[in-house]
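Below is one structure, written out as structure tokens, with a few remarks after it.
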Amino acid sequence: MADGSMDECYQVVLQLAKDAGKLVRDRIWKKKDIEFKSCEVDLVTETDKEVEKLLISGLSSHFPSHKFIGEEATAAGEKCVLTDDPTWIIDPVDGTMNFVHGFPNVCISIGLWKNKAAEIGIIYNPVLEQLFTARKGQGSYMNGTRIHASKETELSKALLLVEMGTSRDPEKLKVVLENVTELVPIVHGTRSLGSAAMNMAMVALGAADAYYEFGIHAWDIAAGDLIVREAGGVCLDPAGGPLDVMSRRMLCAGTQSLANELVPKLKQYYPERD
Ligand code: LIP
């Protein structure tokens, strides 16, 4: 692999994630400069931008041939293209609304993809000190301890993660609320962490049994895809086919059986691709 083995990539990104985590931890309960993106509840702060710059400059100095897809670079107009090249897919602060409010479900999500498949996944919540890591074929870990997704196969016994999302598009909101109305009466419980990556980390940890969302972006799920699968879970399209990381649609679960029960109950929504 040009400029850097996977081992070197892993060591470098782990240190950069910890360096970036200090910024998030130090600033979550301080005053922030808040800007709006696609709508008045799609927010970005100076910390989102600074963390993304720290990660991209650190990684590109070690691996100059690597490519990048970053949430804030994309928002600033950079094209969002996934090729076969080694590509770092970064959400600098996933759960920005939580960060703005000082609600500690925030994380830095970094995936390294090569040949359009995940090689390294890092989801780091520096406020609660939860570091989720995975390398292809090597299992998933939280703070260095091996983790495993749940073995739950029945929706009626499942803790389901759902998100309302940041879109205020009436058509999208209608689908979100129809799905919640359909599912709340038939599952054990529903929860929303406000961060796609943290939701996926909870499925990998076995602390929740499934999570789906329409409207997320590649940077929200690029790390969680590997972390869930290396913990023994499944990640797929919410209509049941293979996951397409650029489709802005995702369903993950501890077991294929649970995913199979969930899929037909979902009203589908097809956002514009990344
Ligand atoms: C968030 C996602 C969350 C989704 C929000 C938002 P951000 O990412 O993690 O799942 O429901 O709408 O997209 O914007 O905080 O990086």
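The values are calculated or read from the model by the stated rules, or taken from the named source; none is laboratory data. What you see is a predicted model; the values in this text were computed from it and never measured. Cβ coordinates were reconstructed from backbone atoms using ideal geometry, including for glycine residues, and neighbour counts include every protein chain displayed.
Is it the case that some residue within the stretch 79-90 is outside the structural domain of A208 (by TED's automatic domain parsing), at positive phi and either at pLDDT 95 or above or outside any loop (DSSP other than H, G, I, E, B) (or both)? No, there is no match, as no residue in the stretch 79-90 is outside the structural domain of A208 (by TED's automatic domain parsing), at positive phi and either at pLDDT 95 or above or outside any loop (DSSP other than H, G, I, E, B) (or both). A count restricted to the stretch 225-273 and to residues that are among the small types (G, A, S) and closer than 20 Å to K67 by Cβ stands at 1.
Condition test on F63, is it modelled with pLDDT of 95 or more, within 13 Å of G4 (Cα to Cα) and among the hydrophobic types (A, V, I, L, M, F, W, C)? When the stated conditions are applied, F63 passes them. If you check M202 against the conditions, is it within 25 Å of F99 (Cα to Cα) and within 10 Å of the ligand (Cβ to nearest atom)? Taking the combined requirement at face value, the residue does not satisfy it.
If you check I186, I108, I123, I147 for being in contact with a Cys (Cβ under 8 Å, 6 or more places away or on another chain) and either under 23 Å from L258 (Cα atoms) or buried (at least 16 other Cβ atoms within 10 Å of the Cβ) (or both), only one passes: I123.
Restricting attention to the stretch 107-148, the residues being touching a Phe, Trp or Tyr at 6+ places or on another chain (Cβ under 9 Å) and either under 25 Å from L82 (Cβ atoms) or outside any loop (DSSP other than H, G, I, E, B) (or both) number 24. As a summary of the residue check, S60 satisfies the conditions (1) part of a helix (DSSP H, G or I); (2) touching a Pro at 6+ places or on another chain (Cβ under 9 Å) except for the one numbered (2).
So for the stretch 155-172 (the condition being closer than 25 Å to E71 by Cβ and more than 13 Å from the ligand (Cβ to nearest atom)), does at least one residue qualify? Spell out how you get there, then give the answer.
Going residue by residue through the stretch 155-172, those that are closer than 25 Å to E71 by Cβ are 161-172.
Applying the additional criterion that residues be more than 13 Å from the ligand (Cβ to nearest atom) yields 170-171.
Looking for residues that are closer than 25 Å to E71 by Cβ and more than 13 Å from the ligand (Cβ to nearest atom), one finds at least one in the stretch 155-172, hence yes.
Of everything in the stretch 165-215 that is of a type outside the set (K, R) and in a strand (DSSP E or B), the residue that is farthest from the chain's Cα centre (by Cα) is G189. Any residue that is away from the ligand (no atom under 15 Å from the Cβ) and of a type in the set (A, V, I, L, M) - is there at least one of those in the stretch 65-84? Yes, the stretch 65-84 contains at least one residue that is away from the ligand (no atom under 15 Å from the Cβ) and of a type in the set (A, V, I, L, M). Scanning the stretch 150-165 for residues that are farther than 15 Å from Y212 by Cα and in contact (Cβ under 8 Å) with a residue 60 or more places away in the chain returns S150, K151, E152, T153, E154. Every residue in the stretch 47-72 that is in contact with a helix residue (DSSP H, G or I) (Cβ under 8 Å, 6 or more places away or on another chain) and among the small types (G, A, S), please. Scanning the stretch 47-72 gives G58, G70.
Being away from the ligand (no atom under 12 Å from the Cβ), under 29 Å from L266 (Cβ atoms) and in the same structural domain as D19 (by TED's automatic domain parsing) is the requirement here; does G95 meet it? Answer is no for this residue.
Among the conditions (1) of a type outside the set (S, T, N, Q); (2) under 19 Å from the mean Cα position of the chain (by Cα); (3) buried (at least 20 other Cβ atoms within 10 Å of the Cβ), the only one that F103 does not satisfy is (3). Scanning the stretch 128-144 for residues that are closer than 21 Å to W29 by Cβ and buried (at least 20 other Cβ atoms within 10 Å of the Cβ) yields one hit, L131. May I ask you to verify whether T166 is surrounded by fewer than 24 Cβ atoms within 10 Å (Cβ to Cβ), touching a Cys at 6+ places or on another chain (Cβ under 8 Å), under 24 Å from H101 (Cα atoms) and not basic (K, R)? So T166 fits the description; yes.
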